[in-house]
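Here's the structure we're looking at; comments come further down.
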Amino acid sequence: MLERLHARLQARGRMPELPAGWRRQSAMLAAFGVRYGGDFIVADLAADGRRLQMVLVDVCGGGDAAVPAALRFAGALESLITAVAPEDLLAAANAYLLRQPSDESLATAVQVGIDLDEGSYRIRSAGHPPALRWCARAADWEIDNARGTALGVGAPVETTESAGRLAPGDGLLFYTDGVVESRSADIDEGIAWLRRTAREALLAGWEGAADRILAQVARGDDDRAVLLVQREA
């Protein structure tokens, strides 16, 4: 049953097709057994095809309740992402979690909005590992500085935004903590490892880059998710 619910969760997170000049890909790796959290993606492409909003979420916890809780949260975010202003989305998501009956309704999230005409973007983080930005000129990943507190902890949710512009060839990488955290290394070591691994994966070619990154992450007791967006050169 949990496997079917997990499949439904991932099916709801299908990314929209982007207009010419942009490309995206994602990959997810489920943890062993049923003790996984709920990683999922919610995305919305404006009717004119020029504005993209995406949220990558990691629902904290494991066990039997994690995936159903993530499925409900994904449904709520699918409604919120089209109903509230981008700057209010994480606050609305936080309010939803605070209304849940469980004291363990916690999640981290990273939100990105991209103007697909100009390449400008804005990132908001709620307790999530820092995004990475691909600088095509330097052929390397830079660490983004958006930070914040996890959702469901209290109100108001605290976030620090970052903004920039993607030139042709530049891109963004988002991921969940299962990609960079392990019992044998701290998160800074994990992020350094991801920068090296993701650089090699992207330089080997766009197609399958997300899968190549996750192929080098050992499976364990947490889901892993990677999301890549790139402005084509």
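Bear in mind that the values in this text are calculations on the coordinates, not laboratory data. What you are looking at is a predicted structure, and each value in this text was computed from that prediction instead of being measured. Ideal geometry is used to build each Cβ from the backbone, glycine not excepted, and the neighbour counts take in all protein chains shown.
Could you give the dipole magnitude of the stretch 89-225 about its Cα centre, charging the beta-carbon of Lys and Arg +1 and that of Asp and Glu -1, in debye to the nearest 20?
I would put it at about 160 debye.
With θ set to phi - 60° and the Karplus curve 6.51 cos²θ - 1.76 cosθ + 1.60, what are the ³J(HN,Hα) couplings of the stretch 175-184 in order, to the nearest whole Hz, using x for Gly and Pro?
7, 9, 5, x, 6, 10, 9, 8, 6, 9
Tell me, what is a quarter of the convex hull surface for the C-alpha atoms of the chain, in nm² with one decimal? Display every interim value, and only then the final one.
Numbers: hull surface 47.3 nm².
Its Cα hull, projected and averaged over all orientations, spans 11.8 nm².
Would you be so kind as to identify all helices of the chain, as entire DSSP H runs, whose Cα atoms reach 20 Å or more along the helix's own axis and whose mean Kyte-Doolittle hydropathy is at least 1.0?
Those that pass (Cα extent of 20 Å or more, hydropathy at least 1.0) are 66-83.
Looking at the square roots a ≥ b ≥ c of the eigenvalues of the Cα gyration tensor of the stretch 95-233, which shape do they give, rounded for a/c under 1.5, prolate if a/b is larger than b/c, or oblate? Before the final figure, lay out each step's value.
Working: a/c = 2.20, a/b = 1.30, b/c = 1.69.
Since a/c reaches 1.5 but b/c is at least a/b, the shape of the stretch 95-233 is classed as oblate.
Please sort 203-215, 170-182, 140-152 by packing, taking for each peptide the average over its residues of neighbouring beta carbons within 10 angstrom, highest first.
Order by mean packing, descending: 170-182, 140-152, 203-215.
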